[in-house]
Amino acid sequence: MIITLQINCVEGDPEVPCFFILGDSLVDNGNNNPRATLAKANYRPYGIDFPGGIPTGRFNNGRTSADVLGQLLEFDDFIPPFANATDDVILKGVNYASGAAGICDETGYQVV
């Protein structure tokens, strides 16, 4: 089965004005960089396929699924990590995801 996604560009206000992301390392885009944790991805080879080829804190070599979804929703830029978001940037959305996150105390205890 092949699914084709078509984006129709129209003038006017965006249909999705903001995007807030919650999750773990699958969508973390750098929230763990300033934290005292072993769960970090701000070094090579992470990010080698990301625009600019620099490590960003994403736990993969390029864009996360949240990055791709943000692009499909036609946001001007990638949604920033909460750790770096300031002022009015927060109104367009932030990424709260954190690698090794979980809902139980036992989740991620190996890398805290």
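Values computed for the structure shown
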quantity	calculated
Any pair with Cβ under 7 angstrom, 6 or more apart, that starts in region 27-40 at a residue that is more than 16 Å from residue 95 (Cβ to Cβ) and ends at one that is at pLDDT below 95 and not in a loop (DSSP other than H, G, I, E, B)	37/111; 38/111
Region 91-100, subset in a loop (DSSP other than H, G, I, E, B) and within 14 Å of the chain's Cα centre (by Cα), residue surrounded by the fewest Cβ atoms within 10 Å (Cβ to Cβ)	96
Which numbered condition residue 83 fails, given (1) touching a residue at least 24 places away in the same chain (Cβ under 8 Å); (2) farther than 14 Å from residue 98 by Cβ; (3) out of contact with any strand residue (DSSP E or B) (no Cβ under 7 Å at 6 or more places or on another chain); (4) among the hydrophobic types (A, V, I, L, M, F, W, C)	(2)
Unique match (being of a type in the set (D, E, K, R), loosely packed, with under 15 Cβ neighbours inside 10 Å and in a helix (DSSP H, G or I)) among 67, 49, 77, 88	88
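The values are calculated or read from the model by the stated rules, or taken from the named source; none is laboratory data. This is a predicted model, so every value here is computed, not measured. Don't worry about glycine lacking a Cβ; one is built from the backbone with ideal geometry, like all the others, and counts go over all protein chains shown.
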